[in-house]
Structure formats: structure tokens, C-alpha cells
Amino acid sequence: MVHMQVPFYRHSLSPENAQLVAKVLETPFLTSGPIGKEVEAQLCEYFGAKHAKLVNSWTNGAVATLLAMDIGPGDEVIVPAMTFIATANVVELVGAKPVFIDCDPDTLLITPELVKAAITKNTKAIIPVHMYGQMCDVKAIKDIFPKDQKISIIEDCAHTFEAKFDGVRPGKYSDASIFSFYATKNVTCGEGGAIITNDSNLFERIQQAILHGMSAGAADRFKAGQYRHWGMDHLGTKANLPDLLACLLPDQIKTVDQRLIEREKLALKYEKALEKTKIRFPLTKSGIVHSRHLFPIHVGANNRDQALLSLGEVNIGVTVNYRSVPTMGYYSNRYGFTGQEHPVSNSWGNGTLSIPLFPGITDEEQDYVIDVLINKIDKMIGENQ
Ligand SMILES: *Cc1c(COP(=O)(O)O)cnc(C)c1O
């Protein structure tokens, strides 16, 4: 076996992007300004959405969105047990209660049936997560809501930008969809995110909620001429994205569909290579454009930590997406979860690890990863079932 070093992830930004940052440094405003506005128009066009707002992270954007929906103490928000901790943390941060639900064992996505069983009269919202880049059926989830109860849908699109469900992009059936432009996401500017919505009243509140709750934006406050007083009627946080980072996004967005062709090719190659092994991976439903953000595999709870060590020893970058959120110390201490409440999420979370998948990984690098999976990891599972 040849020996190589394969990182978990390599970004696709180049030093040429430094010129874009240099151009922002020549302008009077370093914070949110004209470049961000252009990116927001680009997002509206890409998603066919009425409104878009850039934010400095998915997390802060979600806190602002929950504040804008007046969700707080006494309210329940349904979230998947199988997701990144941030999906649940934002609910805790506004003082509401996250209600965890399990997932489908094939896709690891939440289902309308699981959602239905978790709805109470205190349910104010749900945050479906498009795990690994495969979209949930948001319309089917919406269709099972009681007709006499307003339940807001906030799509967690941190794993997807370019995906489609039945030809439909995120945002169509939800109140708001939130993206992450964190360093490893499919569209990135290092740290950042965006909120899209078709609800103009909600958008007005979101714009305030991302700027301290102020009634007029910073750019307006400092406009040449008369000083204008601003008010504050609702609590807000600080979540706006500065132009210094926003300037990296137009090119990332223009090229995301091109990069997806390569992501899809890489994912199919892994799937084909692993088909005949004991290593499992999530199923993709038909009619889906999957954004192939991550490639998680399942090696079983008995083998996972040894597999992480073995892959590390042969210099293959790996990570875990994710251990079941209710089993994290904070949540198990606060709500008494043992893991048994969400068996599918728990079992997946104890046996999963993610392997390198990013545009720019070479054939040799991917072949090396596959070679190790088949000749080391699959053997380990065979001997240790
Ligand atoms: C990355 C991620 C987030 C958080 O995004 P940030 O921009 O880092 O706040 C939220 N949800 C999921 C599913 C994620 O993977």
C-alpha cells in the first residue's frame, strides 16, 4: 500500500481573493455595506426568495430569527437528535425548550410521523436539518401540522446550499431558511451565514434582531446629512456580516453548482467502492439533488473509536458528524436523557465517522482512502462484530 496524507478538507478559495478584501479596505465602511447588499440580491435570485440577509454565522442568524419570531421561555421548538449541537443550542439560548426527535434509519432525516408525535400546544417552531446535504420533505412536514396552530419552520441549511427536493430549493415551504458559510461548508467566507424568507414582516423583525434590535440600520444611521434617532422596541443581538468577509461570497456562489458535479462524482465513487463491504452509509432518496456536503460512514459502535485511530495513523483526516445531541453532557444533565429515547440517532452517532470529501481531492488521494477502508476498516468490522 502506498502511503499518503489526505486532509479531511481543503477549501477552494485562492490568494487572488486577497484583492477583493484589499478593495473593501479602500472604502469608508468595513462593516455591512454595498457588497453585502449585492450578495443578498444574488441569494434572492439563486433561491427565488423575496428577502435575504447575510449574518456572521448560522448560529447568530438562528438566534436572531427565533427572537424575531418572539420565541422564548415556555415555548417548544422541535429539533432532530441527529444534528450538530448548534441546531438545539440556539433554542436554549433564547430560553425555549428543544424537543428532540429521532430520525429515519436509512436517510438519518426527520420524518413527518416523528414530527407529528412531538407536537404539543406549546410547539412554536421546528428546525428541520438537511443532514449531510440531503433535503428533508419540508412540505410533508408542514402538511401534518394541526390546522389551528401556527408552527413556524426554520430550515437548517448549514449542510446544503445547492440541493433540491423534487426540483425545489430550500425556502419555498418554510418561514425562514438559514445557511452557514463556516470554513468547511460548501459555500464559505471563513465565518458567515445567511437567512432567506418570503415573509416581509418577519424580515423586518430579523433585520432589527441582527442589529441589537435597532429600528434603523447602521448604514442609515451614519448617512451623510441629518442625524436620525433610532428606537428599540424588541431585543436583538449582533449578527451582521461585514463586507470584509462578504466580498468572498459572490464567486463562491457563482461556482457552487460547478463544484457540486465534482462532489457528486466523488460521493458516487465512495458508494460504489463500499457497496460490497460491511460499511454502511446513508441512502439518498430518488428525486433528490444531494449537495454532498459530508460523506459519513457507519462502522458500528464496537469499531468506531478504533477506526478513528487507525485512519489517523495512516494520515487520513476524519471527524464525527455527529454523536446524538441529547447525549451531550449539557442536555443529558439538564433533561435526563440516556440515549435510549432516540435509538436510531444514538446508534448512528455511536458508530459513525466522516471521511474526506471535497472538490480538489485527487484520484490518488481518494483511492488511498478507499484502499484503507476496504483493507483495514472493513476487515476490522468482520473480526469484531
Ligand atoms: C455548521 C452547522 C451549524 C452552525 O453553523 P455556524 O455558521 O458555524 O454557526 C448549524 N447546523 C448544522 C447542521 C451545521 O453543520
Please note which helices (runs of 4 or more DSSP H) are completely contained in segment 302-362 and include at least 1 residues that are of a type in the set (A, V, I, L, M) and either at pLDDT below 95 or on the phi < 0 side of the Ramachandran plot (or both).
-> 304-313, 343-351
By residue number, the members of segment 41-57 that are among the charged types (D, E, K, R) and either within 19 Å of the chain's Cα centre (by Cα) or outside the structural domain of Val168 (by TED's automatic domain parsing) (or both) are Lys53
Filter result for Val55 (surrounded by 24 or more Cβ atoms within 10 Å (Cβ to Cβ), among the hydrophobic types (A, V, I, L, M, F, W, C) and within 16 Å of the ligand (Cβ to nearest atom)) = yes
Cross-chain or 6+ apart pairs with Cβ under 6 Å, segment 314-334 first and closer than 16 Å to Val99 by Cβ, then of a type outside the set (S, T, N, Q) and part of a strand (DSSP E or B) | Pro326/Phe100
Candidates His298, His290, filtered to the one that is free of Cβ contacts under 8 Å to residues at least 60 places away in the same chain and within 18 Å of Ala267 (Cβ to Cβ) = His298
Could you list, in sequence order, the residues of segment 83-105 that are free of Cβ contacts under 8 Å to residues at least 60 places away in the same chain and either touching a Phe, Trp or Tyr at 6+ places or on another chain (Cβ under 6 Å) or more than 16 Å from the ligand (Cβ to nearest atom) (or both)?
-> Gly95, Ala96, Lys97, Val99
What do you reckon, is Ile297 in a helix (DSSP H, G or I) and either touching a strand residue (DSSP E or B) at 6+ places or on another chain (Cβ under 7 Å) or modelled with pLDDT of 95 or more (or both)?
-> no
Restricting attention to segment 233-241, does a residue exist that is among the hydroxyl-bearing types (Ser, Thr, Tyr), farther than 30 Å from Ile381 by Cα and within 16 Å of the ligand (Cβ to nearest atom)?
-> yes
Taking segment 113-134 as the search range and keeping residues that are touching a Cys at 6+ places or on another chain (Cβ under 9 Å) and not in a strand (DSSP E or B), which one is surrounded by the fewest Cβ atoms within 10 Å (Cβ to Cβ)?
-> Leu114
In the list Val77, Val91, which residue meets the criterion of being out of contact with any helix residue (DSSP H, G or I) (no Cβ under 6 Å at 6 or more places or on another chain) and either crowded, with 24+ Cβ neighbours inside 10 Å or not in a loop (DSSP other than H, G, I, E, B) (or both)?
-> Val91
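Listed here are the residues, each with its yes/no results for (1) touching an Asp or Glu at 6+ places or on another chain (Cβ under 6 Å); (2) assigned to a helix (DSSP H, G or I).
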site: Tyr9; (1), (2): no, no
site: Val24; (1), (2): yes, yes
site: Glu40; (1), (2): no, yes
site: Cys44; (1), (2): no, yes
site: Asn60; (1), (2): no, yes
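The values are calculated or read from the model by the stated rules, or taken from the named source; none is laboratory data. What you see is a predicted model, and the numbers here were worked out from it, not measured in a lab. Note that each Cβ is placed from the backbone with ideal geometry, even for glycine, and that neighbours are counted across all protein chains shown.
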